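Shown next, in structure tokens, is the structure this report addresses.
Bear in mind these aren't lab numbers, they're just calculated from the coordinates by the rules spelled out. These numbers come from a predicted model, not from an experiment. Glycine also receives a Cβ, built like all others from the backbone with ideal geometry; neighbour counts cover every protein chain displayed.
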Amino acid sequence: MLYLVPTPIGNLKDITLRALEVLQQVDVVLAEDTRTSSKLLNHYNITKPLSPYHQHNEHKIVQHLVDQLQAGKKMALITDAGTPAISDPAFLLVRECIKNDITVETLPGATAFVPALVNSGLPANRFSFEGFLPLKKGRHTALKTLAEEERTMIFYESPVRLVKTLEDFIEYFGAERLCSVSRELTKMFEENKRGTITEVCNYFKSKTVKGEIVIVVAGKE
């Protein structure tokens, strides 16, 4: 049995009772960063062994994990924050488990783009989750295609690239397109800045940006 367990995106209280129950019962917890995950487990007095599972080792160890699961081990997969496989490792292991008839159970829980979308004030009935844009190769093509997207679009971005990405949005989507930037969701210094892309870009140009970033952009009218 493989459990995919969402973890809080900031506030440690944002974890379900079922998630804590599963983490207490499994044989091992696969973690994107064991140092980060150990803080969460220690907070809830969970003493299960942690094993690293991330984008740099997943191809090397996936068969070993499948073998252990087939032998009867119960594993939980968690990431640093949010739901596994949403811009985080998980897809490869889930695919191999399905191929090998290993039961995969996914728990509902926290993910950053949902609260960012809901509090943006932009239409949430239809949306396109784009995750992280390509840094170089493919970026122009992706932005040119997305300029015609009519649904609300959601992006993840690092704080050091936020202004550059907003400047690209001005170039490809237009200066007056509405957007919202959510920073440090659920944490003490949570911030949600809304307005035209130009207004939001100018705001973040004037300050040092820290934390996890979600950008929500209105679709083309």
- Task: Give region 88-110 a look and list any residue that's crowded, with 16+ Cβ neighbours inside 10 Å and not hydrophobic (A, V, I, L, M, F, W, C), or say none.
- Result: D88, P89, E96, T106, G109
- Those residues of region 71-99 which are of a type in the set (V, I, T), more than 19 Å from F155 (Cβ to Cβ) and either free of Cβ contacts under 8 Å to residues at least 60 places away in the same chain or part of a loop (DSSP other than H, G, I, E, B) (or both) amount to I98
